[in-house]
1. Do you know which residues across segment 125-158 are under 19 Å from Gly218 (Cα atoms), surrounded by fewer than 17 Cβ atoms within 10 Å (Cβ to Cβ) and either free of Cβ contacts under 8 Å to residues at least 12 places away in the same chain or out of contact with any Ser or Thr (no Cβ under 9 Å at 6 or more places or on another chain) (or both)?
2. Would it be correct to say that Ser55 is small (Gly, Ala, Ser), assigned to a loop (DSSP other than H, G, I, E, B) and at pLDDT 90 or above?
3. Just one of the numbered conditions (1) open to solvent by less than 60 Å² (accessible area, probe 1.4 Å); (2) of a type outside the set (A, V, I, L, M, F, W, C); (3) touching a residue at least 24 places away in the same chain (Cβ under 8 Å) is not true of Arg113; which one?
4. Please verify whether Arg138 is under 30 Å from Arg87 (Cα atoms), at pLDDT 85 or above and not β-branched (Val, Ile, Thr), treating the condition exactly as stated.
5. From the list Glu98, Glu88, which one is open to solvent by 40 Å² or more (accessible area, probe 1.4 Å) and at pLDDT below 90?
6. Can you go through Leu192, Leu212 and tell me which one is closer than 17 Å to Gly136 by Cβ, modelled with pLDDT of 80 or more and either acidic (Asp, Glu) or within 30 Å of the chain's Cα centre (by Cα) (or both)?
7. So which residues in segment 159-185 are surrounded by 14 or more Cβ atoms within 10 Å (Cβ to Cβ), part of a strand (DSSP E or B) and at pLDDT below 80?
8. With Val63, Val71, Val48, Val105 as the choices, which residue is farther than 22 Å from Lys135 by Cβ and either crowded, with 16+ Cβ neighbours inside 10 Å or under 18 Å from the mean Cα position of the chain (by Cα) (or both)?
Amino acid sequence: MSADLPAPTARRLSAPSWKDSRLLVGVVLVLASIVVGALAIGAADERVGVWAAASDMTPGDPVRESDLVRVDVSLGDQAGKYLQTGREFPQGATIDRELRQGELVPRSALIDRGDLTVFPTVVHVPATDLSGLAKGSRVAIYAAAPLSSQDKQAGRRPEYTELLSPVTVHRVPTQGGTVIGGSSADSSVELLIPEDEVERVLSADTDADPPLRVVANGGTLAEVTE
């Protein structure tokens, strides 16, 4: 005769309790994700559209929508300091400073052209001086006293001295998108000259023989006499 075995006792599944640590961790994670999402949406809502330079700009450049690109940024209470999209675009305004590609356009950089303190001025230089120059480059201008016929016959070289430095390149001549340079042919470059120096530079440039020379910042006087 077999002995009676005890019957197994069924265990009831109990509902999760607020005291269950796993449940509490799950609730905290859900709440945290909701808060983070709300903050991200709020930050995105605070972004404003402002204009940035599509390429390098220099003083005297007109402010045209075609020369700018829209960027959406979060500037907080500083947003009013920049040229915002969706507002009346300034007509006839020009830039009074250098702006690099992608740099936001400050409202304080917009002035009437008549208020410029530097003026785009064309000077004539050997094409070889243009190699490596681009809009926004900083250069020094050099001038030399004319050589007499005896000096030329004797093979003497002009003695250059610095005329003005530094000045900003406003425009260089291009052909098919390539800067014209590298030969001995005469060429020209448009520089931004301070108002009170324009006459002096133009006087030195008139029928200059030898011609004016320009050398990029960091260069030496010897380089322009090569």
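The values are calculated or read from the model by the stated rules, or taken from the named source; none is laboratory data. Owing to the predicted nature of the structure, the values given are computational and were not obtained by experimental measurement. Because the Cβ atoms are built from the backbone with ideal geometry, glycine has one as well, and the counts that use them run over all protein chains shown. With ligands, DNA and RNA removed, areas are computed over all heavy atoms of the protein, side chains included. Shrake-Rupley method; radii C 1.70, N 1.55, O 1.52, S 1.80 Å.
1. Passing the criteria: Ser131, Gly132, Ala134.
2. Numbers: small (Gly, Ala, Ser): yes; assigned to a loop (DSSP other than H, G, I, E, B): yes; at pLDDT 90 or above: yes.
Yes.
3. (1) is the only condition that Arg113 fails.
4. Numbers: under 30 Å from Arg87 (Cα atoms): no; at pLDDT 85 or above: yes; not β-branched (Val, Ile, Thr): yes.
So Arg138 fails the test.
5. Numbers: Glu98 fails: at pLDDT below 90.
After ruling out the rest, the residue left standing is Glu88.
6. On the way: Leu212 fails: closer than 17 Å to Gly136 by Cβ.
Matching residue, one of Leu192, Leu212: Leu192.
7. Once the filter is applied, which keeps residues that are surrounded by 14 or more Cβ atoms within 10 Å (Cβ to Cβ), part of a strand (DSSP E or B) and at pLDDT below 80, segment 159-185 yields only Val179.
8. On the way: Val63 fails: farther than 22 Å from Lys135 by Cβ; Val71 fails: farther than 22 Å from Lys135 by Cβ; Val105 fails: farther than 22 Å from Lys135 by Cβ.
Selected residue: Val48, the only one of Val63, Val71, Val48, Val105 that is farther than 22 Å from Lys135 by Cβ and either crowded, with 16+ Cβ neighbours inside 10 Å or under 18 Å from the mean Cα position of the chain (by Cα) (or both).
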